[in-house]
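The values are calculated or read from the model by the stated rules, or taken from the named source; none is laboratory data. What you see is a predicted model, and the numbers here were worked out from it, not measured in a lab. A quick note on method: Cβ atoms are made from the backbone with ideal geometry, for glycine too, and the neighbour counts reach across all protein chains shown.
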Amino acid sequence: MLALLVATALVHTDLSEVRACLPQSDGAILVGTGGGLVRVDATGAVTQTWTAMDGLPGTRIDGLALIEGELWVGTDAGAAAVTLEPTLTVTRTAATTSVHGGAWFEGARYLATDEGVLKVGTAKPLPYAEKAANAAKRNRARTSSLAVVDGVLYAGTAHGLHKLTKGKLALVTIESGANEVTGLLADGNTLYVATTAGLFARTADVVQAYGGGELRALARIDGVITVVGVGGTQQLDRGRLVAAGPKATVLATIAEQGGVACTGGIDGLWLRAAQTWTAVARPPGPPANDLSALAVDGTKLYVGTFDHGLAVLEAGTWRAITSPRLDRRINAIHVASDHRVFVGTAAGLSIVGTDGVVSTLGKRDGLPARGVLSLAPLADGRMLVGTLHGAAIVGTGRPIHLAAKTNLDLGNVWAVAQDATGALWLGTTTGLYRGTVDDQNWTRYAVATGHLRDDWVMAIVTRGDTLWAGTYKGGVTRLDTLAAPTATHLGDGWINPGGLAFDGDSLVAATMEGLRTSALDGATWKPAGTLPSKDVTATARIGAVQFVATRRGLVARSFTATTP
C-alpha cells in the first residue's frame, strides 16, 4: 500500500498585542491578538489558541462580537461566525475586511467593518446619505462600532457618527463635526461615543462632552461607564472622567460580563475580578509575528523579525537576543561553523559571538552601504555580504568590494551565493551576476538574455552544477550547467528575500502567496499546505521538524508516514 504523509503542526505566535477581548459565561476570556484567537482562564493562563490553520479566515484578530448568541470573529482576512466546542468550527463567513464589532437590529445581524456597515447575508455595505470626497469616503467606511438606541442603528466611523435613516447612513453632528469615533455604547436612551477627541454622551440630540483625550473603546464596568485609550483607563464619576484601572501606553479594547472584565492593548492583557485589575504575564512566543529570517545551529533556531529584533528557540523555550549593537530590523541570518551568528540588519552587519558579545560592521567600517540584505558563507570561511548598494567579502581586515574593478553598479543585492566551482552569484534588481573572487569578470543573466522572467532576483540557492533563482514577480527559474547555463521556468509567483531553501530532496520557496515546493529535478512547483499567513518569508529544518516563518508567526511541522 502507498504510505501517506500526515502533518502535525505547532504554531508559535506573539500573543502580547491585544486587539479585542470578550469574557465568556463560563468565566473564560476570549482574547483577539496579533497572533490568533486565544482562550484564557480566570488567571490569564492560555488554554487554547486558534489561527488561520484552524479554519479562521485570518490569524490577526481585529474584533470579537457576540450578536444575538452568535460569536463573530473579525480577522485581517475576513469575518467568521464560529462555535468553539468541542473545537473551533466556522458556521458561516462574511466576505469583508477586518470586523471590529456588531449589533442586532430589526431581526438581523450587522457588522462594523473596514469597508462599512454590512448586514449579514448581503453582499454590499450599507450606502451613505451624503456624497463625499475620496478621503472622506475611505474614513467613513472604516467602522469601529455599532449600537442601537431608541430603535435607531448608529455606526461609529473614522469620519464621525452616522445613523441609519431610510436605508442609508447619515452623518450626525457630535460636537465639532467629524471626530473619529472609536467606540459606541448604548445606555437606555443615551448613546455614549468614544472618539479620538474624548468622550461624548448624546441624548435626544443633546450632546454632553467629558474630555478624556484620545480614546479607543468603552464599556460598562460594575455599572460605571469606563473608557480606555492612550494612557490607560478612566471612569465617568459625577460628570467627569477620572483615572481608574490599568495605566498603559495604549489600551485598545475593554469588555465585561458576569463580573469579569478585560482590557488590553500593545502592552498586553489585564483582567478584573473582585474589583481588582491584574496584569497577565506575556505568553511565551517570538518577539513579534512579522518574521523575516531563520537560521539553524544544531537544535537552536534563530528567528529574525522585521522590526522587533532577534530571538532563539531551543527546546520549546524562547529567548530574546538584545544588544545596543544589534539593530531590531533583521534582513538575514547565517550561523557560521564556529557557531558565531551573522545578522544582516538595516543598520549593518552584526556578529553575535559564542560569548554573547555583539560586534558590528557598517559603512564606516568598509561595507558598500549601511543596510545588509543577504549573507552566504564562502568555502574559505569568509562571508559574502549583499547590501543596499553592492556586495563585499568580509573576513580578516577591511571588507573587499565586489565588481569595483569593473565599475559595475550592482544596486540592491538581495541574494548572494557561491557555487561548487567557487564562482560567486549576486541577485540584484537588474538581474543575476556571475563572477569570481578575484573580481575580474562578471556575466549578467537577465530577461534580456532569456534566462529569467523578472530581473529582480530575491533569492539564490545552488547545488552541484545547478542554480535556482527566485524573483520578485517572475517565480523560480532553474539554471543548469552553470558555465553556460540553460534555463527552466518552474512557475510564477512573488518570491520573498532569501526565500529559497533545500528541504531534503525538495526545493521550497517562501512566497507572498504561500509555501511552494518542487523536486530538485522537477520542472514545476506546487502549494505546500495551510499556514497562519499566505505571506511566507523563510524555512528551515531541525531533524524531522520543518519550520516555516510567515508574516503572522512561526509553524513547526512534522510529518508521519501512515498506511491507509
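Listed values, structure above:
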item: Residue in region 505-528 that is closer than 22 Å to Glu314 by Cα and either modelled with pLDDT under 95 or in contact with a helix residue (DSSP H, G or I) (Cβ under 9 Å, 6 or more places away or on another chain) (or both) present; result: no
item: Residue check, Thr226 crowded, with 21+ Cβ neighbours inside 10 Å, in contact with a strand residue (DSSP E or B) (Cβ under 9 Å, 6 or more places away or on another chain) and not aliphatic (A, V, I, L, M); result: yes
item: Candidate set from region 396-431 (those that are hydroxyl-bearing (Ser, Thr, Tyr) and surrounded by fewer than 21 Cβ atoms within 10 Å (Cβ to Cβ)); member that is nearest to Thr481 (Cα to Cα); result: Thr421
item: Cβ pairs under 9 Å, 6+ apart, first in region 279-304 and under 9 Å from Thr13 (Cα atoms), second acidic (Asp, Glu); result: Gly285/Asp14; Pro286/Asp14; Pro287/Asp14; Ala288/Asp14; Ala288/Glu17; Ala288/Asp307; Asn289/Asp14; Asn289/Glu17
item: Where a residue in region 356-372 is touching a residue at least 40 places away in the same chain (Cβ under 8 Å) and its partner, wherever it lies, is surrounded by fewer than 17 Cβ atoms within 10 Å (Cβ to Cβ), with Cβ under 7 Å and at least six apart; result: Gly371/Ala346
item: So Ala469, is it over 30 Å from Gly34 (Cα atoms), in the same structural domain as Ala446 (by TED's automatic domain parsing) and under 26 Å from the mean Cα position of the chain (by Cα); result: yes
item: Filter result for Trp270 (in a strand (DSSP E or B), crowded, with 22+ Cβ neighbours inside 10 Å and of a type in the set (Phe, Trp, Tyr)); result: yes
item: Count - residues of region 131-145 that are under 28 Å from Asp187 (Cα atoms) and in a loop (DSSP other than H, G, I, E, B); result: 1
item: Qualifying residues in region 179-193 (those that are free of Cβ contacts under 8 Å to residues at least 40 places away in the same chain and farther than 15 Å from Val148 by Cα) - the one surrounded by the most Cβ atoms within 10 Å (Cβ to Cβ); result: Val181
item: Residue count for region 26-85, restricted to those that are among the acidic types (Asp, Glu) and touching a Lys or Arg at 6+ places or on another chain (Cβ under 6 Å); result: 2
item: Residues within region 194-218 that are in a strand (DSSP E or B), crowded, with 22+ Cβ neighbours inside 10 Å and small (Gly, Ala, Ser), tallied; result: 2
item: Filter pass, Asp26 being in a loop (DSSP other than H, G, I, E, B), of a type in the set (Asp, Glu), surrounded by 17 or more Cβ atoms within 10 Å (Cβ to Cβ) and not assigned by TED's automatic domain parsing to the domain that holds Ser533; result: no
item: Hits in region 432-465 (condition: at pLDDT 95 or above, among the β-branched types (Val, Ile, Thr) and either surrounded by 16 or more Cβ atoms within 10 Å (Cβ to Cβ) or outside the structural domain of Leu408 (by TED's automatic domain parsing) (or both)); result: Val457, Ile460, Val461, Thr462
item: Residue check, Val148 in a strand (DSSP E or B), within 15 Å of Ile67 (Cβ to Cβ), more than 28 Å from the chain's Cα centre (by Cα) and among the β-branched types (Val, Ile, Thr); result: yes
item: Tally, over region 151-177, of residues that are exposed (fewer than 14 other Cβ atoms within 10 Å of the Cβ), out of contact with any Leu (no Cβ under 9 Å at 6 or more places or on another chain) and assigned to a loop (DSSP other than H, G, I, E, B); result: 3
item: Residue in region 95-103 that is out of contact with any Cys (no Cβ under 7 Å at 6 or more places or on another chain) and surrounded by fewer than 17 Cβ atoms within 10 Å (Cβ to Cβ) present; result: yes
